[in-house]
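The values are calculated or read from the model by the stated rules, or taken from the named source; none is laboratory data. Quick caveat, the model's predicted, so the values are computed rather than measured. Please note: Cβ atoms are built from the backbone with ideal geometry, for glycine as well, and neighbour counts cover all protein chains shown.
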Amino acid sequence: MAVSTARRPVANTPVLMLTFLTTLIFHRCVAETATGASTSEEPPHRRFEYKYSFKGPHLAQSDGSIPFWIHTGNAIPSTDQVRITPSLRSQRGSVWTKNRVSIEHWEVEVTFRVSGRGRMGADGLAVWFTTSQGLDGPVYGAADQWNGVGIFFDSFDNDGKKNNPAIIVVGNNGKLVYDHQNDGTTQALGTCLRDFRNKPYPVRAKITYYKKTLTVMINSGFTPDKEDYELCTKVDNMIIPREGFFGISAATGGLADDHDVLSFLLFRLTEPGQHPPPPEFEIPKEEKDKYQEEFQNFQQELDKKKEEFQKEHPDVQGEPVEDVYESVNDREIRQVFEGQNRIHLEIKQLHRQLAMILDEQRRYVSVITDEIAKTGTNAQLGQVCQMGSVIATQQEVLRNLNELRNSFYDSLKQIGSAQQQGQAGPMGTYEAVQHFNDIKEHLHTVKRDVEHLVQRNWPKNEVPPMPSCLSTVHFVIFIVIQSVLFFCYIMYKSQQEAAAKKFF
């Protein structure tokens, strides 16, 4: 029995090895099949929906309205953006599409800017897709208990957990009341921490709903690249209504920010195997004729105004209109010159400080030289050697400071030449940035030289010892005179006391 028990594992070993190899090959085939399927999947077709979008530069009409959109509350449309709420306390505003959208898969690109003076802001901005227009309410300026989805850009920390600014995705079936005290974290389907306030460039958000998956991509606003997105959150198996209204709302509380939306672009997504419906199928013929007639009337009025203006101003006929806006190259050159001016002022201040240090060192060397000349042969040999080392050190300090002063002069000349070139004619961005980098490297070199000089000459932060201004002969004479005066005073006091005793 013992022998058969020992041989049984040995007999099962080939079977186990075959089972392991079969399982490994099967898993490898499944992984390759999944990888091939994922790589072969084509992206969906995108079609721009202009009737449910807006962007500058001609965003608002002359009467202050937005084509195909309505605005409520404290929203202020302008030619290049919509200010949902100004930086005032307790403000609410929103913009919504006029018509209901019937769409299964969609993608929204929102460009916005949230700016304020304080370190913290409130309350935030929200992007909506709901079955009804939430024109006013307590949830970021929109109605509560909505049916659809809301993507919230929350900038105020209500629960005090230091988890704001944050981007939160909250779905609702029309019965859920938003949890303000916990910033909606108990109801959030997805969230991420992103700071979207006071960025150098507008922040961009891409919200995609495709095959029951909601994906939120965010551009941090640190770069002007429009395609520099990073994943914020992704919600799978999410079912939202097929028909609804798109909207953007914002609100302020005790703190206030400017919530500006620069563009809202909607794209219809269609699977690669399907074909999107033609535009003529969606726009009725009567509505299309109406828009065509309005366009023709507008074109005729514009031609009449051009003719009247040319008759009233024949001198300016044919002259190009100057662009009153600053281009990107002009702004970069202006920023470079402003930085050079600041560096120029800093170098001037350092130059004045070096001049003061040079004067102090010269005065110090002159005092030491005069003291050596006065002491002459009375000074001891050790003191003479010490004085010589101090003088040599001070002379080295003066020489190094003169070198630093010359380097500062070179920096000033380089900045002056760069500014003269910028004033004489427009400088290219590359040349201006190259000058700025050269000046920056030169300043770093000067800083290293100053630190090396300080560490070399005063390693222990001690002041060099001053020589004694009292010789030995003068000290002995002073002690003898003081002793004689002391004994004379004692004898005079004794005589006065003896004379006073004779009267008693």
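Residue pairs, Cβ under 6 Å, 6 or more apart or interchain, first in the stretch 393-404 and in the same structural domain as V365 (by TED's automatic domain parsing) and over 14 Å from H351 (Cα atoms), second modelled with pLDDT of 70 or more and in a helix (DSSP H, G or I). List them.
Between residues of the stretch 393-404 that are in the same structural domain as V365 (by TED's automatic domain parsing) and over 14 Å from H351 (Cα atoms) and residues that are modelled with pLDDT of 70 or more and in a helix (DSSP H, G or I), the close pairs are Q394/Q361; Q394/V365; V397/Q361; L398/Q361.
Can we say F156 is under 26 Å from the mean Cα position of the chain (by Cα), in a strand (DSSP E or B) and either surrounded by fewer than 17 Cβ atoms within 10 Å (Cβ to Cβ) or in the same structural domain as N219 (by TED's automatic domain parsing) (or both)?
Spelling it out, it is not the case that F156 is under 26 Å from the mean Cα position of the chain (by Cα), in a strand (DSSP E or B) and either surrounded by fewer than 17 Cβ atoms within 10 Å (Cβ to Cβ) or in the same structural domain as N219 (by TED's automatic domain parsing) (or both).
Do you know which residues across the stretch 195-224 are surrounded by 18 or more Cβ atoms within 10 Å (Cβ to Cβ) and assigned to a loop (DSSP other than H, G, I, E, B)?
Of everything in the stretch 195-224, those that are surrounded by 18 or more Cβ atoms within 10 Å (Cβ to Cβ) and assigned to a loop (DSSP other than H, G, I, E, B) turn out to be F196, P202, G221.
Residue check: is E109 buried (at least 19 other Cβ atoms within 10 Å of the Cβ) and either within 23 Å of the chain's Cα centre (by Cα) or acidic (D, E) (or both)?
yes
For the subset of the stretch 228-259 comprising residues that are within 21 Å of T270 (Cα to Cα) and either of a type in the set (D, E) or part of a strand (DSSP E or B) (or both), which member is farthest from the chain's Cα centre (by Cα)?
It comes out as E243.
Out of K212, K175, which single residue is under 26 Å from E49 (Cα atoms) and in the same structural domain as D123 (by TED's automatic domain parsing)?
K212
Within the stretch 70-94, take every residue that is part of a strand (DSSP E or B), of a type outside the set (G, A, S) and touching a Ser or Thr at 6+ places or on another chain (Cβ under 6 Å) and give me the one that is farthest from V261 (Cα to Cα).
T72
Got a number for residues in the stretch 54-74 being surrounded by 18 or more Cβ atoms within 10 Å (Cβ to Cβ), small (G, A, S) and either in contact (Cβ under 8 Å) with a residue 40 or more places away in the chain or touching a Lys or Arg at 6+ places or on another chain (Cβ under 7 Å) (or both)?
Within the stretch 54-74, residues that are surrounded by 18 or more Cβ atoms within 10 Å (Cβ to Cβ), small (G, A, S) and either in contact (Cβ under 8 Å) with a residue 40 or more places away in the chain or touching a Lys or Arg at 6+ places or on another chain (Cβ under 7 Å) (or both) number 1.
Within the stretch 266-312, which residues are modelled with pLDDT of 80 or more and either closer than 30 Å to P43 by Cα or not in a helix (DSSP H, G or I) (or both)?
L266, F267, R268, L269, T270, E271, P272
Name the residue that is surrounded by the fewest Cβ atoms within 10 Å (Cβ to Cβ), counting only residues in the stretch 159-181 that are touching a Leu at 6+ places or on another chain (Cβ under 7 Å) and small (G, A, S).
Ranking the qualifying residues of the stretch 159-181, first place goes to G171.
Just the residues that are farther than 26 Å from E227 by Cα and outside any loop (DSSP other than H, G, I, E, B), please, taken from the stretch 98-113.
Within the stretch 98-113, V101, S102 qualify.
Do we have V235 as in contact with a Gly (Cβ under 8 Å, 6 or more places away or on another chain), more than 27 Å from R92 (Cα to Cα) and in contact (Cβ under 8 Å) with a residue 24 or more places away in the chain here?
Considered against the rule, which asks whether it is in contact with a Gly (Cβ under 8 Å, 6 or more places away or on another chain), more than 27 Å from R92 (Cα to Cα) and in contact (Cβ under 8 Å) with a residue 24 or more places away in the chain, V235 comes out as yes.
Do the conditions hold for P43, that is, is it closer than 19 Å to R204 by Cα and at pLDDT below 95?
When the stated conditions are applied, P43 does not pass them.
Restricting attention to the stretch 333-363, report how many residues are of a type in the set (A, V, I, L, M) and within 15 Å of N402 (Cβ to Cβ).
Total satisfying the criteria: 6.
Every residue in the stretch 159-187 that is in a strand (DSSP E or B) and closer than 20 Å to V203 by Cα, please.
A166, I167, I168, V169
Can you name the number of the only condition in (1) surrounded by 18 or more Cβ atoms within 10 Å (Cβ to Cβ); (2) without any contact (Cβ under 8 Å) to a residue 60 or more places away in the chain that E227 fails?
If we test E227 against (1) surrounded by 18 or more Cβ atoms within 10 Å (Cβ to Cβ); (2) without any contact (Cβ under 8 Å) to a residue 60 or more places away in the chain, just (1) comes out false.
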